[in-house]
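Each value in this text was obtained by applying a stated rule to the coordinates, not by laboratory testing. Keep in mind that what you see is a predicted model, and the values were worked out from it rather than measured. Note: ideal-geometry Cβ built from the backbone for every residue, glycine included; neighbour counts use all protein chains shown.
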Amino acid sequence: MPQGAITRGTTNTNRLRRSDRWLATWPGLRSVADAHVVDLGYGASSTTTRELASRLAQVRPDVRVWGIEIDPARVTLAQEEIARAKPPVTNVSFSFGGFEIPVPVGVAPVAIRAFNVLRQYDEAEVPSAWASMVKRLDAAGVLIDGTCDEIGRVSTWIALTPAGPQSLSLSLRLTDLETPLIAAERLPKALIHRNVSGEPVHEFLTALDAAWRTSAPLSTFGSVQRWQATVASLVAAGWPILGGRSRWRLGEVTVAWDAVAPAAG
Ligand SMILES: C[S@@+](CC[C@H](N)C(=O)[O-])C[C@H]1O[C@@H](n2cnc3c(N)ncnc32)[C@H](O)[C@@H]1O
C-alpha cells in the first residue's frame, strides 16, 4: 500500500515557478552522475511536472523526472496527457505511489518536490512523511515541502537534506505587495500553526514585516529595491539569511531552519 491518502488535486499552470527557479540552483543537480527528480503529488494534471522537467533541463539537460501520485485515476490521466504531448516528452513518466517514493531500484533522486501535498495532512503526520521521503534521496539530494497560493504569487517551502531540515524560503510577488505577512497563511504544515507569539517563525515574520515597513521610503525606486533593503536589514540584525542578493531580487528570502524551527515542547 502506498503511504498517504488521496487529497484534493488542485493545481495550476505555472504556479510552482518560484520554487522551480530555486530548485534549478541546487548544487547536487549539477554534480550527481544521474539526475533523477521526483514530483510527488502532482495533482489533477501533469502540467506542473512537465514544467519542472523543462525548467530543470535548462541546467541539467539529461534530467529524468518521475511524477508520483496516490490517486490512480490521476496517474492514468497524466500518462494519457504525456502520451499525446507534442513535441513528444521523453524524460518524464508517471506512476502510482506515496511517501515511500517508489522509484526503480538503484535510483536515488537528487530532488523530491512535494508541493501542496502535506498541507492537507495533520501536523503530527509531517515528521514521518519527511523521514520516508528523505530516506530515498541521493546524499547530495534535497526534499522541498512547500505551499503556494492558486497562481503562485505567494510561495513558501522548507528544504531538507539527508542531514535534516536546512532552511525556510519565502518567495513573493513584490508588485503591489502590502506586507510579507501574506506568507503566513501559506506556510508549510510544519510551521503554519506556529505563527504565534513565542514561536521562532512568528519572530521571523514579525521582523520581516517591520523591516518591510521601515524600508517603505525606498518604494520610490521600486518594490525590488524595497525588498532588497528589507532583507539586508534582517542580515544586519543577525538573522541567518542564506543565498546572495541575486535571490532577493526575485522577491525571495531564505533563512536557516534553526532560526525558525518550532520551539521544543
Ligand atoms: C493540491 S494537489 C497539488 C498538486 C501540485 N503539486 C501543485 O502544487 O499544484 C495535492 C496532490 O497530492 C496528492 N497526494 C496526497 N498525498 C500523497 C501521497 N502521500 N503520495 C502521493 N501523492 C499524494 C493528492 O492526491 C493530490 O493530487
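Quick rundown of the values:
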read-out: Sequence ranges 163-173, 15-25, 232-242, 125-135, ranked by mean other-Cβ count within 10 angstrom, highest first; value: 15-25, 163-173, 125-135, 232-242
read-out: Descending Cα extents along the principal axes, the chain, whole Å; value: 53, 44, 34
read-out: CD proxy at 222 nm, helix term only [per DSSP H run n ≥ 4: -39500 (n - 2.57); per residue of the chain; nearest 500]; value: -9000 deg cm²/dmol
read-out: Packing-based order for 46-53, 32-39, using average beta carbon neighbours within 10 Å, highest first; value: 46-53, 32-39
read-out: GLU178 paired with VAL224, simple spin-label distance in nm, labels 7 Å along Cα-to-beta-carbon; value: 2.6 nm
read-out: Mean separation of Cα contacts under 8 Å, 6 or more apart, over the residue count of region 17-172: relative contact order %; value: 22 percent
read-out: Sum of side-chain charges, PHE204 neighbourhood, beta-carbon under 12 Å (Lys, Arg +1; Asp, Glu -1); value: -3
read-out: Helix axis angle, 47-57 relative to the chain longest principal axis, alpha carbon, degrees; value: 80 degrees
read-out: From phi via Karplus (6.51, -1.76, 1.60), per-residue ³J(HN,Hα) for region 186-192 in Hz, x at Gly/Pro; value: 10, 5, x, 3, 5, 10, 4
read-out: Centre separation in Å (Cα based) which lies between region 221-238 and region 113-185; value: 23 Å
